[in-house]
(Lines give C-alpha, C1' and ligand atoms only; values in the text may rest on other atoms or scores of the structure.)
Protein backbone atom coordinates (compact mmCIF):
# COMPACT_ATOMS: atom_id res chain seq x y z
CA UNK A 1 0.00 0.00 0.00
CA UNK A 2 1.41 3.38 -0.95
CA UNK A 3 1.85 6.01 1.69
CA UNK A 4 -0.48 8.94 1.36
CA UNK A 5 0.82 12.47 1.59
CA UNK A 6 -0.71 15.79 2.53
CA UNK A 7 -1.07 16.45 -1.21
CA UNK A 8 -2.53 13.08 -2.19
CA UNK A 9 -4.17 11.79 0.95
CA UNK A 10 -5.67 8.64 -0.62
CA UNK A 11 -8.89 10.44 -1.57
CA UNK A 12 -11.45 8.01 -3.00
CA UNK A 13 -13.69 9.87 -5.44
CA UNK A 14 -16.06 6.87 -5.69
CA UNK A 15 -17.17 7.45 -2.10
CA UNK A 16 -18.00 11.11 -2.69
CA UNK A 17 -21.83 10.69 -2.91
CA UNK A 18 -21.96 8.69 0.33
CA UNK A 19 -19.68 11.19 2.07
CA UNK A 20 -21.96 14.03 1.00
CA UNK A 21 -24.99 12.23 2.46
CA UNK A 22 -23.13 11.63 5.71
CA UNK A 23 -22.12 15.31 5.93
CA UNK A 24 -25.82 16.16 5.85
CA UNK A 25 -26.65 13.68 8.64
CA UNK A 26 -24.42 14.42 11.63
CA UNK A 27 -24.80 12.55 14.87
CA UNK A 28 -25.18 14.76 17.93
CA UNK A 29 -21.64 13.94 19.06
CA UNK A 30 -20.15 14.66 15.63
CA UNK A 31 -22.01 17.97 15.48
CA UNK A 32 -20.67 18.95 18.92
CA UNK A 33 -17.09 18.04 18.09
CA UNK A 34 -17.32 19.95 14.81
CA UNK A 35 -18.92 23.06 16.30
CA UNK A 36 -16.87 23.38 19.48
CA UNK A 37 -13.47 21.96 18.51
CA UNK A 38 -12.75 21.36 14.82
CA UNK A 39 -14.70 23.86 12.71
CA UNK A 40 -13.08 27.01 11.29
CA UNK A 41 -9.50 26.14 12.28
CA UNK A 42 -10.37 26.31 16.00
CA UNK A 43 -7.91 23.58 16.92
CA UNK A 44 -4.46 25.21 16.79
CA UNK A 45 -5.22 26.68 13.35
CA UNK A 46 -5.45 23.33 11.57
CA UNK A 47 -8.15 22.74 8.98
CA UNK A 48 -10.31 19.68 9.49
CA UNK A 49 -12.74 18.36 6.92
CA UNK A 50 -15.76 16.26 7.77
CA UNK A 51 -16.80 12.96 6.24
CA UNK A 52 -13.86 12.66 3.85
CA UNK A 53 -13.29 9.62 1.61
CA UNK A 54 -9.91 8.05 2.40
CA UNK A 55 -8.86 4.73 0.87
CA UNK A 56 -12.06 2.64 1.00
CA UNK A 57 -13.39 4.41 4.08
CA UNK A 58 -15.04 7.65 5.05
CA UNK A 59 -13.28 9.42 7.90
CA UNK A 60 -15.52 11.36 10.29
CA UNK A 61 -12.93 14.17 10.42
CA UNK A 62 -9.64 14.53 8.57
CA UNK A 63 -6.77 16.99 8.83
CA UNK A 64 -4.66 16.56 5.68
CA UNK A 65 -1.78 18.63 7.02
CA UNK A 66 -1.38 16.40 10.08
CA UNK A 67 -2.47 13.17 8.34
CA UNK A 68 -4.82 12.84 11.34
CA UNK A 69 -8.23 11.17 11.31
CA UNK A 70 -10.67 11.67 14.19
CA UNK A 71 -13.48 9.14 14.55
CA UNK A 72 -16.53 9.44 16.79
CA UNK A 73 -17.97 6.04 17.65
CA UNK A 74 -21.55 5.40 18.70
CA UNK A 75 -23.04 2.24 20.18
CA UNK A 76 -22.84 0.47 16.81
CA UNK A 77 -19.08 0.18 17.42
CA UNK A 78 -19.51 -1.78 20.68
CA UNK A 79 -19.84 -5.31 19.27
CA UNK A 80 -16.94 -7.64 18.43
CA UNK A 81 -17.51 -7.56 14.67
CA UNK A 82 -17.44 -3.75 14.61
CA UNK A 83 -14.39 -3.63 16.89
CA UNK A 84 -12.49 -6.01 14.58
CA UNK A 85 -13.58 -4.04 11.52
CA UNK A 86 -12.41 -0.79 13.16
CA UNK A 87 -9.01 -2.36 13.97
CA UNK A 88 -8.56 -3.48 10.37
CA UNK A 89 -9.55 -0.03 9.15
CA UNK A 90 -7.05 1.62 11.52
CA UNK A 91 -4.29 -0.74 10.37
CA UNK A 92 -4.96 0.04 6.71
CA UNK A 93 -5.04 3.78 7.38
CA UNK A 94 -1.83 3.57 9.44
CA UNK A 95 -0.08 1.74 6.59
CA UNK A 96 -1.06 4.67 4.36
CA UNK A 97 0.49 7.13 6.83
CA UNK A 98 -2.54 8.27 8.85
CA UNK A 99 -2.91 8.49 12.61
CA UNK A 100 -6.42 7.53 13.72
CA UNK A 101 -7.89 8.74 17.01
CA UNK A 102 -11.21 7.45 18.32
CA UNK A 103 -13.61 8.94 20.83
CA UNK A 104 -16.97 7.59 21.93
CA UNK A 105 -20.17 9.60 21.57
CA UNK A 106 -20.32 9.72 25.36
CA UNK A 107 -16.80 11.16 25.69
CA UNK A 108 -17.60 13.91 23.19
CA UNK A 109 -20.99 14.77 24.66
CA UNK A 110 -19.98 14.65 28.34
CA UNK A 111 -16.39 15.89 28.22
CA UNK A 112 -15.77 18.04 25.16
CA UNK A 113 -12.98 19.94 26.98
CA UNK A 114 -11.20 16.65 27.69
CA UNK A 115 -11.55 15.58 24.06
CA UNK A 116 -10.11 18.91 22.91
CA UNK A 117 -7.21 18.58 25.35
CA UNK A 118 -6.51 15.04 24.12
CA UNK A 119 -6.49 16.23 20.51
CA UNK A 120 -4.13 19.10 21.37
CA UNK A 121 -1.78 16.61 23.03
CA UNK A 122 -1.88 14.36 19.96
CA UNK A 123 -1.17 17.33 17.69
CA UNK A 124 1.82 18.25 19.89
CA UNK A 125 3.21 14.74 19.43
CA UNK A 126 2.66 14.83 15.66
CA UNK A 127 4.34 18.24 15.41
CA UNK A 128 7.36 16.98 17.37
CA UNK A 129 7.79 13.78 15.38
CA UNK A 130 6.83 14.77 11.85
CA UNK A 131 8.12 17.49 9.56
CA UNK A 132 4.93 19.25 8.53
CA UNK A 133 4.38 21.20 5.34
CA UNK A 134 4.67 24.96 5.78
CA UNK A 135 1.36 26.59 6.53
CA UNK A 136 0.10 29.27 4.20
CA UNK A 137 -1.62 31.85 6.36
CA UNK A 138 -2.51 34.37 3.69
CA UNK A 139 1.03 35.66 3.49
CA UNK A 140 2.58 36.09 0.10
CA UNK A 141 6.26 36.66 -0.36
CA UNK A 142 7.22 38.94 -3.18
CA UNK A 143 9.57 37.30 -5.62
CA UNK A 144 11.98 39.79 -7.16
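The values are calculated or read from the model by the stated rules, or taken from the named source; none is laboratory data. Given the structure is predicted, the values throughout are model-derived calculations rather than measurements. Glycine gets a Cβ as well: all are built from the backbone with ideal geometry, and neighbour counts include every protein chain shown.
Which one is surrounded by the fewest Cβ atoms within 10 Å (Cβ to Cβ) among residues in region 68-88 that are touching a strand residue (DSSP E or B) at 6+ places or on another chain (Cβ under 9 Å) and at pLDDT 95 or above?
Top of the filtered list is 71.
Which of the residues that make up region 44-65 are at pLDDT below 95, in a loop (DSSP other than H, G, I, E, B) and in contact with a strand residue (DSSP E or B) (Cβ under 8 Å, 6 or more places away or on another chain)?
Scanning region 44-65 gives a single hit, 64.
Right, residue 100: touching a residue at least 24 places away in the same chain (Cβ under 8 Å), over 28 Å from residue 13 (Cβ atoms) and either in contact with a strand residue (DSSP E or B) (Cβ under 9 Å, 6 or more places away or on another chain) or surrounded by fewer than 17 Cβ atoms within 10 Å (Cβ to Cβ) (or both) or not? Please lay out each step first, then the result.
Working: touching a residue at least 24 places away in the same chain (Cβ under 8 Å): yes; over 28 Å from residue 13 (Cβ atoms): no; either in contact with a strand residue (DSSP E or B) (Cβ under 9 Å, 6 or more places away or on another chain) or surrounded by fewer than 17 Cβ atoms within 10 Å (Cβ to Cβ) (or both): yes.
Considered against the rule, which asks whether it is touching a residue at least 24 places away in the same chain (Cβ under 8 Å), over 28 Å from residue 13 (Cβ atoms) and either in contact with a strand residue (DSSP E or B) (Cβ under 9 Å, 6 or more places away or on another chain) or surrounded by fewer than 17 Cβ atoms within 10 Å (Cβ to Cβ) (or both), residue 100 comes out as no.
Looking only at residues that are at pLDDT 95 or above and not in a helix (DSSP H, G or I) in region 99-144, which one is farthest from residue 36 (Cα to Cα)?
Step by step, filter region 99-144, then rank; the result is 99.
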